[in-house]
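Single-structure report; data block below.
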Amino acid sequence: DPDITHGALLQARVGPGPATPGTIILEGGPGVGRVTRPGLGLAVGGPAINPVPRRNIDANLREVAGDWLRTRGLAVTLTIADGERLARRTLNPRLGITGGLSILGTSGIVYPYSTAAYKEAVRQSIASAAAMGLTGIVLTTGRRTERFARQRLPDWPVEAFVQMGDFVGAALEGVAAAGFRQVVVAAMAGKLAKIGQGVANTHAHKVPVDMERVARLAREAGADDAEAGRIARGVTVRHAAEVLAERGLAQAFYRRLVAGVEAAVVARVGSACAVNVLAFDDNGILLEESGNG
């Protein structure tokens, strides 16, 4: 799982900012991408610095510069040496992030892994849960969605939660082979759109979101041709939801999105297994829930 920023030189220039006490301005300099399209959860025209790194930087500055911030503000400019060239090896150009890399991540720690080993770990985790006598399993796409799912399902044992990552196909094969009576799939909208497409691996480099399909779901939710066209030309499900929210159609869209995921999962595990789908946003708010059992 290559990390393009490994070994790259990242620098932060900190200096006097606005006169307003306590204000911290965070900007992107050379090598940091700029957002040119909606749907990424960032301001169009602003630097591609995600919310969690922003909070981390802000918190650290307030800890070490408390005296300064009581009377003045600070300005911080992040730069990445050779960032524009490095960004060509990422999905940034396709997402409409130009001129450099994004500042991403939730923990700041890279977890490299062998895809074959990770896939086998998923299968073993599912088999282990079955061996313990569990009849239900919860498949999540990562640490955050597992945390959200555990909050939603507090009575389920910890052994029932399996982080399948991108390996949807391998995980569902394991569920079918073990004969579970219930499977819960918890993910955010972008991953759910891919699962609904019927793909076995949801990694961004393996398969993109089928935005034409997302646009069809939007039409079913009540979007007009102009709105559906905007969605089809977009690159993220988040953007689709933003377009639909303008007319109060987002909930109807999410309902169809999870219904499509449910159908795709049933096709892999069989109708004897009850399927539930939980769609979360980035903050763990449940957007929609669906289930056939």
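If you check residue 146 against the conditions, is it open to solvent by 40 Å² or more (accessible area, probe 1.4 Å), not in a loop (DSSP other than H, G, I, E, B) and not hydroxyl-bearing (Ser, Thr, Tyr)? Criteria not met by residue 146. For residue 170, state whether it is hydrophobic (A, V, I, L, M, F, W, C) and either modelled with pLDDT under 95 or over 23 Å from residue 274 (Cα atoms) (or both). So residue 170 fits the description; yes.
So that you can scan it fast, the table gives a plain yes or no per residue for (1) open to solvent by 60 Å² or more (accessible area, probe 1.4 Å); (2) aromatic (Phe, Trp, Tyr); (3) touching an Asp or Glu at 6+ places or on another chain (Cβ under 8 Å):
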{"residue": "134", "(1), (2), (3)": "no, no, yes"}
{"residue": "196", "(1), (2), (3)": "no, no, no"}
{"residue": "207", "(1), (2), (3)": "no, no, no"}
{"residue": "224", "(1), (2), (3)": "yes, no, no"}
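Residues in the range 185-212 that are over 14 Å from the mean Cα position of the chain (by Cα) and without any contact (Cβ under 8 Å) to a residue 40 or more places away in the chain: 199, 200, 201, 207, 210, 211, 212. Within the range 25-37, the set of residues being surrounded by fewer than 19 Cβ atoms within 10 Å (Cβ to Cβ) and either hydrophobic (A, V, I, L, M, F, W, C) or closer than 8 Å to residue 73 by Cα (or both) comprises 25 only. Beta carbons closer than 6 Å, at least 6 apart along the sequence or on distinct chains, pair a first residue in the range 256-271 that is more than 15 Å from residue 182 (Cα to Cα) and at pLDDT 95 or above with a second that is surrounded by 19 or more Cβ atoms within 10 Å (Cβ to Cβ) and hydroxyl-bearing (Ser, Thr, Tyr) for 258/290; 259/290.
Considering every residue within the range 77-85, establish whether at least one is within 30 Å of residue 17 (Cα to Cα), open to solvent by 70 Å² or more (accessible area, probe 1.4 Å) and touching a residue at least 40 places away in the same chain (Cβ under 8 Å). Yes: the range 77-85 contains one or more residues that are within 30 Å of residue 17 (Cα to Cα), open to solvent by 70 Å² or more (accessible area, probe 1.4 Å) and touching a residue at least 40 places away in the same chain (Cβ under 8 Å). The C-beta contact set for the range 2-27 (first residue closer than 15 Å to residue 100 by Cα, second residue modelled with pLDDT under 95 and surrounded by 14 or more Cβ atoms within 10 Å (Cβ to Cβ), distance under 6 angstrom, 6+ apart or interchain) comprises 4/86; 4/90.
Could you tell me whether the range 101-111 includes any residue that is of a type in the set (Phe, Trp, Tyr) and open to solvent by less than 80 Å² (accessible area, probe 1.4 Å)? No: the range 101-111 contains no residue that is of a type in the set (Phe, Trp, Tyr) and open to solvent by less than 80 Å² (accessible area, probe 1.4 Å).
Scan the range 97-114 and give yes if some residue there is out of contact with any Pro (no Cβ under 8 Å at 6 or more places or on another chain), closer than 30 Å to residue 273 by Cβ and not β-branched (Val, Ile, Thr), otherwise no. Among the residues of the range 97-114, at least one is out of contact with any Pro (no Cβ under 8 Å at 6 or more places or on another chain), closer than 30 Å to residue 273 by Cβ and not β-branched (Val, Ile, Thr), which makes the answer yes. Taken together, 223, 218 contain a single residue that is of a type in the set (Gly, Ala, Ser), free of Cβ contacts under 8 Å to residues at least 40 places away in the same chain, assigned to a helix (DSSP H, G or I) and over 24 Å from residue 140 (Cβ atoms), which is 218.
From the list 219, 230, 238, the one residue that fits, being of a type outside the set (Ser, Thr, Tyr), under 15 Å from the mean Cα position of the chain (by Cα) and open to solvent by 40 Å² or more (accessible area, probe 1.4 Å), is 238. Close Cβ contacts (under 6 Å, 6 or more residues apart or on different chains) running from residues in the range 89-104 that are closer than 15 Å to residue 45 by Cα to residues that are basic (Lys, Arg) and open to solvent by 40 Å² or more (accessible area, probe 1.4 Å) comprise 96/37; 98/34; 99/34.
The values are calculated or read from the model by the stated rules, or taken from the named source; none is laboratory data. Please read these numbers as outputs of a predicted model, since none were measured by experiment. Here the Cβ is made from the backbone with ideal geometry for all residues, glycine too, and neighbour counts use every protein chain on show. Ligands, DNA and RNA are stripped out before the accessible areas are found, and what is left, the full protein with its side chains, is counted by its heavy atoms. Shrake-Rupley method; radii C 1.70, N 1.55, O 1.52, S 1.80 Å.
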